[in-house]
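The values are calculated or read from the model by the stated rules, or taken from the named source; none is laboratory data. Note that the structure is predicted; figures quoted are calculated from it, not measured. Neighbour counts are summed over all protein chains in view; Cβ atoms, including those assigned to glycine, are modelled from backbone coordinates with ideal geometry. The area values use the complete protein model at the heavy-atom level, side chains included, leaving out ligands, DNA and RNA. Shrake-Rupley method; radii C 1.70, N 1.55, O 1.52, S 1.80 Å.
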Amino acid sequence: MTARTSRCWGHRKDDKHQASLGERCADCHTENDWKATRFNHARTRFPLREAHAAPTLACKSCHKDLRSYRDIPRACVDCHRKDDKHEAQLGTDCASCHGEQRWTGVRYDHSRARFALTGAHAPLACKSCHQSPRFRDAPRDCGSCHQKQDVHKASLGVACESCHNTRDWRLWRFDHDRQTSYALAGGHAKVRCIACHTLPAPTGRKTAALQTTCVSCHAKDDVHDRSFGARCEQCHQPARWKQIINQPALSQPGASRP
């Protein structure tokens, strides 16, 4: 023990740290004023930077008492648990998004998330999709955010990405001939989706089940009142409904129909 240390240790009864910091009082205190302290926090395992180094941040903000200067927890959440607006949903590694300069400044690479931001999604503010700081509560299906823009009224399900893309909602592409078992020919090719798909799609399906018989959609157009059955395609065709095919020929010239 050096002479200087032994002189300080004579003040053992004044040691508010209760020997938790050892006997080298002179490392922090001076002989001129016992209450005036000097300490280089940069030499510790937790250097004070940015907001942590602000003059207004007193030692007691992190050290609950004079015995708690050494070996205190160093994780962000140990001091900022009450500030965690995410309610522990995003774990305890606050530094992966927040910095020490200010708590509200965030940095986050959304491409690492389960929902990468592409196209028109990229410039949006977080609150556009995340209605609360519980970020993982945000749904990932298109329908949850774009329900009011769904002109199909849920008749084509919630997998909007099967036709639309994130560059522009108005851009869409769907090859009905290749992607379904019902090719659109003739007059059907110009019909809007909602003209045939009128019912909401069941959960887990792209569309509600549709029959492929002509009469299932054209019952109101059947001027024969079902007298010729449901196989309209035997006489009619999608290109021109009024043009009759397979019309029976007359057996003799000049003969009239009964």
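Observations on the model:
- Cα-derived Rg to Rh of the range 150-235, Kirkwood definition: 1.03
- Taking 26 Å as the straight-line reach from the Cα of K206, the lysines in range (excluding those fewer than 8 positions away in the same chain) are K148, K153, K190.
- As a length-normalised measure over Cα pairs under 8 Å and 6 or more apart, the relative contact order of the range 127-198 settles at 22 percent.
- Protein accessible area in the chain, 1.4 Å probe - carbon and sulfur %: 54 percent
- Per-residue SASA entry for I194, accessible area with 1.4 Å probe, Å² rounded to 10: 60 Å²
- Spatially proximal aspartates and glutamates relative to K16 (Cα-Cα < 20 Å; intrachain offsets below 8 disregarded): D27, E31, D33, D65, D71
- The share of alpha-carbon pairs in the range 115-258 lying farther apart than 24 Å comes to 52%.
- Extreme residue, positive dipole direction of the chain, given options Q89, H17, A53 (C-beta unit charges): H17
- Probe 1.4 Å, protein heavy atoms only - accessible area per residue of the chain in square angstrom: 81 Å²
- Over the chain: helical MRE at 222 nm, DSSP H runs n ≥ 4 each giving -39500 (n - 2.57), nearest 500: -2500 deg cm²/dmol
- Here K82 is the anchor, and the lysines within straight C-alpha reach of less than 22 Å, apart from those fewer than 8 places off in the same chain, are K60, K64, K127.
- Using only side-chain charges placed at the Cβ, +1 for Lys and Arg and -1 for Asp and Glu, the dipole size of the chain relative to its Cα centre rounds to 320 debye.
- Of every Cα-Cα pair in the range 22-180, the percent that sits beyond 24 Å: 57 percent
- Normalising the average separation of contacting C-alpha pairs (under 8 angstrom, six or more residues apart) by the number of residues puts the relative contact order of the chain at 10 percent.
- Among S181, S132, the order of accessible area from largest down is S181, S132, computed with a 1.4 Å probe on protein heavy atoms.
- Column: log10 I(q)/I(0), Debye, Cα scatterers of the range 1-95, q = 0.16, 0.17, 0.18, 0.25 Å⁻¹: -0.80, -0.87, -0.95, -1.46
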